[in-house]
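J.: My structure is below; once you've seen it, I'll send some questions.
The values are calculated or read from the model by the stated rules, or taken from the named source; none is laboratory data. Only a predicted model underlies this, so the values are computations on that prediction, with no experimental measurement involved. With ideal geometry, Cβ positions are generated from the backbone for all residues, glycine too; neighbour counts draw on all protein chains shown. All accessible areas refer to the heavy atoms of the entire protein, side chains included, with ligands and DNA or RNA removed. Shrake-Rupley method; radii C 1.70, N 1.55, O 1.52, S 1.80 Å.
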Amino acid sequence: MNRQTHRTERGGRIDRSAPLAFTFDGVRYEGYRGDTLASALLANGVRLAGRSFKYHRPRGIFAAGGEEPNALVRIGEGARAEPNIKATQVELYDGLTARSQNRWPSLELDVGELGNVASWLLPAGFYYKTFMWPGSWWRFYEHFIRKAAGLGRAPVEPDPDHYDRRYAFCDVLVVGGGPAGLMAALTAARSGARVIIADDAPALGDSLLASTASIDGGDPMGFVSRIGEELASCPNLRVLGRTTAFGYYDDNMIVAVERRADHVPAPPAHCPRQRTWWIRAREVVLATGAIERPLPFEDNDLPGVMLASAARTYALRYGVRLAGRAVVFTNNDSAYEAIEPVLDAGTDVIAVVDAREGGPGGDALALLQRFEIELIPGSVVMRAIGRTVEGVEVRSLSSDGASVGDASRRMPCDFVFVSGGWSPTVHLFSQSRGRLRFDEERAAFVPEEGAPRERGGRERSAGAARGLVRLSECLADGIAAGADAARAAGFEAEAEPPCPAVQEWEDCAPVRALWAVPLPSWRHGKRFVDLQNDVTVADIELAVREGYTSVEHLKRYTTLGMGTDQGRTSNVNGLAVLAATLGAGIPAVGTTTFRPPYSPVALGAVAGREVGIDQTPIRRTPMHDWHAARGASFVTVGPWMRAQCYPHPGESMMDAINREARQVRRSAGIVDVSTLGKIEVRGRDAGEFLHRVYINRIRNLRVGRCRYAFMLREDGFVLDDGTVTRIRDDEYYLTTGTGHAAVVMAHLERYAQIVWPDLDVHLTSVTDQWAGAAVAGPRSRDLLAAACDGADVSDAALPFMGCKDATVAGAPVRIIRMTFSGERAFEVHCPADYGVHVWEALLAAGEPFDVMPYGTEALGVLRIEKGHVVPNELDGRTIPADFGFDRMEKDEDFIGRRSLERFRVGGRKRKTFAGLVSENGDAIPRGGHLVWNPTAPRPMRMFGHVTSSCYSPSLERHIALALIEDAADWKGRVLYAASPLTSSFVPVRITDHVFIDPENRRPKG
Amino acid sequence: MMLITCPWCGPRAHVEFTYGGDATVARPAAPDAVTAEAWLDHVYLRDNPRGPHDEWWQHTSGCRSWIKVRRDTWTHRVHGSGPPEANLGGDEHR
Amino acid sequence: MRYSIFSLARNALSRHRRWPRAWRSPEPKPEYDVVIVGGGGHGLAAAYYLAKLHGITRVAVLEKGWLGGGNTGRNTTIVRSNYLLEPNAHFYEHSLKLWEGLAHDLNYNVMFSQRAVVNLTHTDAQIDASRRRGNAMRLNGIDAEWLSLGEVQAMIPLLDCSPNARFPINGGLVQRRGGTARHDAVAWGFARGADARGVDIIQNCEVTGIRRDGARVVGVETTRGYIGAKKVGIAVAGNSSRLAAMAGIRLPMESHVLQAAVTEPLKPAIHTVVTSGAAHVYISQTDKGEILMGGSLDFYNSYAQRGNLPALEHVIQGAISLFPFLSRLRLMRTWGGVMDMTMDGSPILGKLPVEGLYIDGGWCYGGFKATPGAGWCHAWTIANDEPHPLNAAFRLDRFHRGEILDEKGAGASPQAH
């Protein structure tokens, strides 16, 4: 095992008493609790952490936070493997395994680096200009392009972990646990407001955990502990650690993901791996901090080049010794704050190259003098030298910043700590439609303050997120923002917390804007702006040259900022280089819009629990278990499971279906129809209302009678066919198709509440309250008479389309005499809890009459034989006249009536309803189309299509229903039902759509 | 996630509601009295403004009431809501 | 300069400093024969085909922002022609054929990749509907094949084909000629091609009014002044209603936001385009390695180009249910586009009731794959002042005539399509 060769003797917020073992690319290393994978790798002297996307250039750890562009690794193995994780964001745990990505065969030796050799042929957008010849070869080229692209490898097994969701409401949400966020939360909490503070780190403090300032006379970590304790003691405040707010949505809905178990090898039992918080906040404080920018110079991507703030963080917070000599390259004072910590940790800082002619402010200067470090002002690092950094080339920078001097100086070194200034983290602000403004003085995009809130959420930015740099300012700004947010939410603090006294550098010089180190025309080294996607200054210049000058074109053409780091360290430099190339100002170029997520979030966390089998609830009828116990197979109909058929042991499904269908025609069958939509309509005007809803006359429907009826959409097409039964003067009972219950209910409610609010109508969905069983067959009345506790079910007492209340085995039932099968039949509805009881009683009573349960398949066969329609026919494109149901249309207003007129005045021919009989004994293909000659050249004319098809056990032949143009003319003639997909072409004779009992005697008898 | 105030239940997330389209389109009170064209215009044509828009929402996961909401289609900001007969204010907001 | 491996190599010698602009940036002229409003793929394609096929080169394309900044750059890049209804089938098939030769025609690699589009089925009813559609495709001369469950699994190994799924997959309809293309490249390629033929492409020029002389269009008011035009074609999907309103026309459509998302880039895992009507998701993997997914609308009128999380959450739930391995992958970018959702789910492409005014809009979810076909038909319609047979059915008055093209049978509720 490697032993933390690059760890300091003491210091850092790591627990040296808790060593942790981990592996990287199979090599065992050791780190401490409190480390990130990145800090632990650095502590072991690992310099190479990944390969870049396009050129496969070797890369080291560049940053210390979520802005890391280089060190992407795959964490874990097997089903728990997770690719593309930033090593800087992985909390180390014992046994962690990590692997580098996007390299083959190994990180040190990567064949893909050939791309770097050929990079002169691969400028931005090269693929738009080539791979076009020969035309058919693109798939071939693409195969290799796809293999070379991508970063990590996805796990292939299903995710073993689960994810959770919570909703939360608060008066003030503070995003960020740094100096401004802590003070904002504390201030708001003291006012009595309900506060949530979300911070993506495991512990509060953020930049305070790697600060050289002193607060209230002590070190910043002590200050953080004190504030943390007070926050923990506030009953009205919740701290969400390891929680990243990633999306800012309408009306102050902020969605955050909490990593509950990513810092352990596997979640403990019953613990979700991650939890998504949907937080509705009255007011929001965005204390999201700022990100340090790099400075693009030649080969600025070599391992060893690192952000100055990262160097400081690794030294102070993690006790990492970046062993060797370092050159600091900066355009602002903040980089100087890294010097003392890294010196303490054992790095030899040999010089500071400062782009500013005047160098830094007095405090930083004093520091250099104290440690006798050379200052090279008005200069730039021109180039990093080596495969990993072995030295730098330094030149002077002209006062206009556009060129470098001729004299060059080489300095051997192992690290370059760079700082190009700071960019406020404005992503969430921008997501809430806040506008950004370019602040020339700070050389950064900052939130535009006082911007109209018309489009924005109710949020304010605080601290570094607002462009503030000094710690004292950030703390004070946090207090002000917390108070402001609480006040806006209706809470007035009695006493705001006093602003802590901060000792920090006072004498600072302003930043000098430097977006890329200028390059003499004869030099061609790569100056990387986007490290992950290998976008260089030259790429941006090429894009501009070719006219891709809008920011969005630039992004899309060069892929600038499109990587997994989402352009954290590249966007602003890229924009500025674009502006400079165009000769325009940065504000004129503008920025891109930021969209969720702020940082990548596991899909599983967004999905929550509604995945796989739990994607949608399963609906089962009250009799479901009975069916299952009798060996029924089930079919999915929308959310429902319906019994499809009940095969006997050894019986094929086809045989079972035929047996069940025959049984109904011969004696009696019983089928579960509980899934039908059921709606109760009550009120003085219920009849009038339904009269307007259905195409049929409903006003004249008598109590105790039922009607088969159609309702249309307002555009004239059929919405649903169902039944209307009048229970009482002012009460009706409707049934709808299984799949239409919700749509019909909303449709009726819409008309009742919006269009005809004057009608006294009350609608109640009772689908779940009623179970239903249909008893069908010649013996169905005998069965019913035996089951109904002596009720009179004779033709006189219960005629066709009649309804009556009765009891079955003591349970109340509503019997409606109607038919779907074409046989004499009764629907027996009962309260859902009696479903099984009634079902079993009906079966018991039917035993002498040879009753048998049948499923949806036999039901389908029976209704096809009878020519009844279902959604196969009523597919949303059909009108009543297509089926001859226009005879039901009354000559009064009903929904959709006037839209039907246009179909009577010419226009395209409509298909109408017909039956088909197979001429050669083959099954008529479902989904087939009716053609004259299936061997004709294509495209060929289709006269119609098969809507439903089955084998008819009654007719002993294959039949089908169809919609055909000029159906009447085709009657008796033969067409082909063509299904090229299944290579089935069956001659079919066009017939009437009713195959059995065309006089309709059986149901009425 | 938008916040829509149901006049009966109070402010609720928009996912509790089902959208029902333009509320300025009214079904002719006497369909037979309008021309065929006017009828079909009512069925098919919409102003579809970018900006304030009066629209129907049904509180399907709540009280099931249809309500009228004035919402900006450009900013998603909800300006007001009420029962179906509510007049949500001046004509400049359709 | 022609693009090729040779010109790339030649330019490499000069460090890529000699590449010309892909298109000029001209000042608008006072008058054009044709002004196309909208510099997305559709508008640029119309201009390209006007110049190339109809010899009309006094053409300007006016774009309010940047080329391809609307739905061209905000879609899921799927190209297919698997439609049931004949007018749709023939139109989209024509478009697909144009796609097949587009990179060569434009000399710009639009990366049209015929990686196949698989439409999964989960229930018996869906099998019937898919077969009906697939059979119609075949009889219309379009490729389609039925895949058994085993064939689906073999083609898409990481798909959950187990019977334990909530909606177990039971087969699929595949169009092997379908696939994906690089969306931005389509806009840029057409822009470059049109520009080379003399078309003026004018960005940052928003049309604020349409000027008429009686029943005839005479020009457009823009943020860069008045521009005369004998004919004006509107290709601004998402904003069609607003443009039509400038000419006093109401359209049968609403604008809705549709979201899409990508994960972080990964090595190849999904090789085809996979769609599921039941879960209402469509998934593919881009050449860059990102898993790209889209689904349903947010279901409320919107011009905002951004949606809310619940709609996306639903898409992701569907995606993970199909591909359980996706759960640990991470969502990297989301975006929203504004769709012209028509009253029957099919486009409106043809003449408007003002002389000299044409529209190419109403594409609902399907605008990207239509790009070359729509531009081609739009150009034909403008040049001949009457629709081509391929787009004759997409006429505006079809609603009043009852000749609805409703693939889903969902009716006059735009969000339902």
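J.: Probe of 1.4 angstrom, ligands and nucleic acids ignored: what's the accessible area per residue over segment A:935-1005, in square angstrom? Write down the numbers at each step before the final one.
T.: Numbers: 3110 Å² over 71 residues.
Value for segment A:935-1005: 44 Å² per residue.
J.: Still on this model: So, how do all the Cα-to-Cα distances of segment B:3-82 break down into 5 Å bins, in percent, from 0 on up?
T.: 3, 15, 24, 19, 15, 12, 8, 4, 0
J.: Which far-off residues, 5 or more places away or on another chain, put their amide H under 5 Å from the one on residue B:66, with H placed in the peptide plane?
T.: Counting only residues 5 or more places away or on other chains, the set is B:59.
J.: Which whole-Hz couplings ³J(HN,Hα) result when phi for each residue of segment A:19-35 is put into the Karplus expression 6.51 cos²θ - 1.76 cosθ + 1.60, θ = phi - 60°, listed in order with x for Gly and Pro?
T.: Couplings: x, 10, 9, 8, 10, 10, 6, x, 8, 7, 9, 10, x, 10, 4, x, 6 Hz.
J.: How tilted is helix C:367-384 with respect to the longest principal axis of chain C? Cα atoms for both, answer in degrees (0 to 90, nearest 10).
T.: Roughly 30 degrees, rounded to the nearest 10.
J.: Now for a different question. Using only the alpha-carbon atoms, how far is helix A:653-666 inclined from the longest principal axis of chain A? Give it as 0 to 90 degrees, nearest 10.
T.: 30
J.: Checking an interface number: how much accessible area is buried between B and C, summed over both chains, with a 1.4 Å probe, in Å² rounded to 100? Please report the intermediate quantities before stating the final value.
T.: Details: alone 6080 and 17900 Å², together 21680 Å².
Buried area (both sides, nearest 100 Å²): 2300 Å².
J.: Interface size between chain B and chain A, please: total buried accessible area, 1.4 Å probe, rounded to the nearest 100 Å².
T.: On the way: alone 6080 and 42280 Å², together 45890 Å².
Buried area (both sides, nearest 100 Å²): 2500 Å².
J.: Here's another thing I want to ask about it. For chain C, with a Gaussian network of springs between Cα atoms less than 10 Å apart, report the residue from C:42, C:90, C:271 with the top mean-square fluctuation.
T.: In the Gaussian network model the winner is C:271.
J.: Using a 1.4 Å probe on the protein heavy atoms only, what accessible surface does residue A:468 show? Give it in Å² to the nearest 10.
T.: About 20 Å², ignoring ligands and nucleic acids.
J.: While we're here: Near residue A:555, which lysines are there with a Cα under 20 Å away, not counting those fewer than 8 places off in the same chain?
T.: Partners found: A:54, A:129, A:526, C:64, C:288.
J.: Hey, what's segment A:14-98 come to in accessible area per residue, 1.4 Å probe, Å²? Spell out each step's value before the answer.
T.: Numbers: 2170 Å² over 85 residues.
Accessible area per residue: 26 Å².
J.: By how many degrees, between 0 and 90 and to the nearest 10, does the Cα long axis of helix A:138-148 differ from the longest principal axis of chain A?
T.: That works out to roughly 50 degrees.
J.: Å³ per residue of the Cα convex hull, for segment A:7-158? If you can, show how the numbers build up before the last one.
T.: Numbers: hull volume 20.3 nm³, N = 152.
Convex hull volume per residue, Cα atoms: 134 Å³.
J.: Report which residues of segment C:242-281 become buried by 20 Å² or more of accessible surface when going from the isolated chain to the complete set of protein chains (1.4 Å probe; DNA, RNA and ligands ignored).
T.: Flagged in segment C:242-281: C:242, C:250, C:251, C:252, C:254, C:264, C:265, C:266, C:267, C:268.
J.: If you don't mind, another one. What residues of segment C:1-26 lose no less than 30 Å² of accessible area with every protein chain in place versus their chain by itself (probe 1.4 Å, heavy atoms only)?
T.: C:3, C:5, C:8, C:12, C:15, C:16, C:17, C:19, C:21, C:23
J.: Subtracting the Cα-Cα distance from 0.36 nm times the residue separation, let me have the gained length for residue A:648 to residue A:684 in nm, one decimal. All intermediate terms of the calculation are to be shown ahead of the outcome.
T.: Working: separation 36, 0.36 × 36 = 12.96 nm, distance 5.10 nm.
Difference between extended and current length: 7.9 nm.
J.: With labels modelled as points extended 7 Å from the Cα through the Cβ direction, what inter-label distance (nm, one decimal) is found for residue B:37 paired with residue A:94?
T.: It works out to 8.4 nm between the two label points.
J.: OK, next. Put +1 on the Cβ of each Lys and Arg and -1 on the Cβ of each Asp and Glu in chain A; which of A:639, A:593, A:961 then has its Cα farthest toward the positive end of the dipole?
T.: Of the options given, the answer is A:961.
J.: Let me ask something else. How long, wide and thick is the protein assembly as shown, going by the Cα atoms along their three principal axes, in whole angstroms, largest first?
T.: 114, 74, 66
J.: Further, regarding this structure: Under a 10 Å cutoff between Cα atoms, tell me which one of C:214, C:228, C:248 has the largest fluctuation in the Gaussian network model of chain C.
T.: It is C:214.
J.: Okay, moving on. Restricting to DSSP H runs of at least four residues, report the calculated mean residue ellipticity at 222 nm for the protein assembly as shown, -39500 (n - 2.57) per run over all residues, nearest 500 deg cm²/dmol. Let's see the in-between values first.
T.: Values: 36 runs with 346 residues, N = 1516.
So the calculated ellipticity at 222 nm is -6500 deg cm²/dmol.
J.: Could you do me a favour and compute the accessible area per residue for segment C:1-115, 1.4 Å probe, result in Å²?
T.: Working: 4160 Å² over 115 residues.
Per-residue value: 36 Å².
J.: If each of residue A:27 and residue A:370 carries a label point 7 Å out from its Cα toward its Cβ, how far apart are those two points in nm?
T.: 3.6
J.: Here's something else I'd like to know. When DSSP assigns beta bridges and you keep just the ones with both residues in segment A:897-1004, what percent turn out antiparallel, to the nearest 5?
T.: Numbers: 30 of 30 bridges.
Counting DSSP beta bridges with both partners in segment A:897-1004, the antiparallel share is about 100 percent.
J.: Something else about it: I'd like the antiparallel share, as a percent to the nearest 5, of DSSP beta bridges with both residues in chain A. Please list the in-between numbers first.
T.: Numbers: 134 of 186 bridges.
If I count the DSSP bridges inside chain A, around 70 percent turn out antiparallel.
J.: Let me ask something else about it. Any chance you could check segment A:922-942 for residues losing 40 Å² or more of accessible area when the partner protein chains are in, compared with the chain on its own (1.4 Å probe)?
T.: Residues shielded by partner chains are A:926, A:927, A:929, A:938, A:939, A:942.
J.: Report the rotationally averaged projected area of segment A:677-765 based on its alpha-carbon convex hull, in square nanometres. Kindly include the intermediate steps, with their values, before the conclusion.
T.: Details: hull surface 19.6 nm².
Result: a mean projected hull area of 4.9 nm².
J.: Over chain A, what is the relative contact order in percent, taking alpha-carbon pairs closer than 8 angstrom and at least six residues apart?
T.: Numbers: 2381 pairs, mean separation 88.3, N = 1005.
The value is 9 percent.
J.: Provide Rg over Rh for segment A:544-592; use the alpha carbon set for both Rg and the Kirkwood Rh (inverse mean inverse pair distance). Working shown, then result.
T.: On the way: Rg = 10.0 Å, Rh = 10.7 Å.
The Rg/Rh ratio comes out at 0.94.
J.: Calculated FRET efficiency, residue B:26 and residue A:992, Cβ-Cβ r, R0 30 Å, to nearest 0.05?
T.: Values: r = 43 Å, r/R0 = 1.44.
After rounding, the FRET efficiency stands at 0.10.
J.: Report the charge-dipole magnitude of chain A in Debye, nearest 20, computed about the Cα centre from +1 at each Lys and Arg Cβ and -1 at each Asp and Glu Cβ. Walk me through the numbers before you get to the answer.
T.: Working: 118 positive and 126 negative charges, 606 e Å.
Roughly 2900 debye for chain A.
J.: At a 1.4 Å probe radius, carbon and sulfur cover how many percent of the accessible area of chain A? Before the final figure, lay out the partial values.
T.: Working: 18350 of 36060 Å².
Roughly 51 percent, rounded to a whole number.
J.: Of the options A:1003, A:900, A:927, report the single residue whose Cα projects farthest towards the positive end of the charge dipole of segment A:897-1004 (beta-carbon charges: Lys, Arg +1; Asp, Glu -1).
T.: A:900
J.: Got a number for carbon plus sulfur as a percent of chain C's accessible area, 1.4 Å probe?
T.: Details: 6120 of 11750 Å².
It is 52 percent, rounded to a whole number.
J.: For residue A:501 and residue C:250, FRET efficiency with R0 = 41 Å and r from the beta-carbon atoms, rounded to 0.05? Let's see the in-between values first.
T.: Numbers: r = 66 Å, r/R0 = 1.62.
Efficiency computed from Cβ-Cβ geometry: 0.05.
J.: Let me ask you something else. With only alpha-carbon pairs counted, each pair once and no self-pairs, how large is the Kirkwood hydrodynamic radius of segment A:224-297 in angstroms? List each step's numbers first, then the result.
T.: Numbers: mean 1/r = 0.0657 Å⁻¹.
After inverting the mean inverse Cα-Cα distance, the result is 15.2 Å.
J.: Report ³J(HN,Hα) in whole Hz for each residue of segment A:335-350, in order, from the Karplus equation J = 6.51 cos²θ - 1.76 cosθ + 1.60 where θ = phi - 60°; Gly and Pro get x.
T.: 4, 5, 5, 7, 5, 5, x, 6, 4, 4, 7, x, 8, 9, 7, 9
J.: Once phi is turned into ³J(HN,Hα) by the Karplus curve 6.51 cos²θ - 1.76 cosθ + 1.60 with θ = phi - 60°, what whole-Hz value does each residue of segment C:313-320 show in order, with x for glycine and proline?
T.: Along segment C:313-320, the couplings run 4, 5, 4, 5, 4, x, 5, 5 Hz.
J.: Could you name the lysines whose alpha carbon sits less than 29 Å from that of residue A:866, not counting residues in the same chain fewer than 8 places away?
T.: Answer for residue A:866, where 29 Å is the Cα cut-off: A:678, A:804, A:890, A:909, A:911, A:971, A:1004, C:408, listed by chain and number.
J.: Next question, about the same structure. What's the total accessible area buried between chains A and C, using a 1.4 Å probe, rounded to the nearest 100 Å²?
T.: Details: alone 42280 and 17900 Å², together 50000 Å².
When A and C are taken together, about 10200 Å² of accessible area is lost.
J.: Just to be sure I understand: of the beta bridges DSSP finds with both ends in chain C, what percent are antiparallel, rounded to 5? The partial results should precede the final answer.
T.: On the way: 48 of 69 bridges.
That works out to approximately 70 percent antiparallel.
J.: Additional query: In segment B:3-82, if the dipole is taken from +1 on Lys/Arg beta carbons and -1 on Asp/Glu beta carbons about the Cα centre, which of B:42, B:61, B:23 is farthest to the positive end?
T.: Value computed over the given set: B:61.
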